[in-house]
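Working notes for the structure below.
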Amino acid sequence: MHIFAIANQKGGVGKTTTAVNLAAALAAKGQRTLLVDLDPQGNATMGSGIDKRALEKSVYHLLVGLAGMTEARITCEAKYDVLPANRDLAGAEVEMVELERREMRLKEALAAHAADYDFVLIDCPPSLSMLTLNGLCAAHGVIIPMQCEYYALEGLSDLVNTIKKVHANLNRDLKIIGLLRVMFDSRATLGHQVSAELEQHFGDKVFRTIVPRNVRLAEAPSYGIPGVLYDKSAKGAQAYLAFASEMVERVQTM
Ligand code: ADP
Ligand code: MG
């Protein structure tokens with residue numbers, strides 16, 4: 001079981017789109033996949049076609065010890081499992097203060113189900129909070145989606161420092177798997193410049209796959225279907241399918 005956190009403390013950079021579409025693409029390739037929604041907004045849950053308002057048990061219950069994995073997870077239509085989230089999760093942060101080893105709650109919950117999955121993807125919230133910390137402590141690696149814009153690199157150093165601290169103090173396994181260029185506009189000169197800069201700085205930590213800006217990916221969530229199934233032939237869907245292949249390749253060398 002390979003566990004990856006999809007993280008970037010900035011909002012709107014494509015974390016959830018990446019989490020949902022990578023999960024669907026991996027499942028389509030026959031990989032047993034679990035998507036963990038760690039954002040109280042529940043966008044990954046809704047984007048997987050699961051109604052966040054109708055949950056009996058969610059990842060919140062799992063984290064605070066009110067439910068086990070088998071009660072909380074749901075198999076979605078795209079054939080991957082989801083540990084869903086909704087606003088309940090916003091309270092978890094406060095409630096977890098009382099708990100021992102509170103940053104390890106997700107890790108421990110997943111450990112009992114290591115045999116169930118090939119891939120676990122964790123969609124982190126846009127913050128470096130206790131929830132994100134749970135994601136980083138549970139993960140073997142971090143996938144960082146980013147837009148190739150001028151300020152993208154600025155926020156990156158905070159995230160890289162956090163990952164270093166977690167690696168040093170809490171999770172020896174943690175490493176950056178790669179930076180994924182998303183919402184790429186091939187007509188923008190700046191995008192190409194930032195993209196080249198990323199490759200220069202981070203070398204093979206930059207994924208080969210580039211996800212273009214593609215309206216079909218943005219439309220899909222309103223139908224509760226991952227983009228890779230909503231319009232399989234669209235450029236965005238094709239990119240996430242290619243990214244899934246790249247990830248399958250990557251884990252073979254890990
Ligand atoms: P985050 O989870 O980091 O906040 P999202 O995945 O929710 O980011 O993406 C933010 C917005 O951008 C959403 O409206 C989403 O549909 C849109 N979006 C994400 N990736 C793409 C893309 N490749 N092309 C077009 N729109 C995208
Ligand atoms: Mg999100």
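Remark: relative contact order (region 1-104) = 28 percent; criterion is Cα-Cα distance under 8 angstrom and separation of 6 or more residues.
The 3J(HN,Hα) values that the Karplus relation (6.51, -1.76, 1.60; θ = phi - 60°) gives for region 53-61 are, in residue order, 7, 10, 7, 7, 10, 9, 4, 4, 4 Hz. Gly and Pro appear as x. Between Phe202 and Glu108, the contour length at 0.36 nm per residue exceeds the alpha carbon distance by 30.7 nm. For region 141-180 versus region 1-54, the spacing of their alpha-carbon centroids is 18 Å. Once the Cα-Cα distance is subtracted from the 0.36 nm per residue extended length, the Thr253 to Ala168 segment shows a gain of 28.3 nm.
Counting each pair of different Cα atoms once, what's the Kirkwood radius of the chain in Å, rounded to one decimal?
By the Kirkwood definition, the hydrodynamic radius is 18.0 Å.
Most simply put, the chain has about 5% antiparallel DSSP beta bridges, counting only bridges with both residues inside it. Rounded to the nearest 500, the helix-only mean residue ellipticity at 222 nm of the chain stands at -13000 deg cm²/dmol, with each DSSP H run of n ≥ 4 adding -39,500 (n - 2.57).
Using 0.36 nm per residue and subtracting the Cα-Cα separation, the extra length available between Leu153 and Ala54 on full extension is 31.8 nm.
The longest stretch of the chain left intact once loop-based trypsin sites (Lys or Arg not before Pro) with at most 11 other Cβ atoms within 10 Å are removed from consideration, loops following DSSP, is 1-100. Other residues within the sphere of radius under 14 Å centred on the Cβ of Ala242, judged by their own Cβ, net out at +4 (K and R +1, D and E -1).
Laboratory data are not the source of any read-out in this text; all were calculated from the coordinates shown. What you see is a predicted model; the values in this text were computed from it and never measured. Virtual Cβ from ideal backbone geometry, glycine too; neighbours counted across all protein chains shown.
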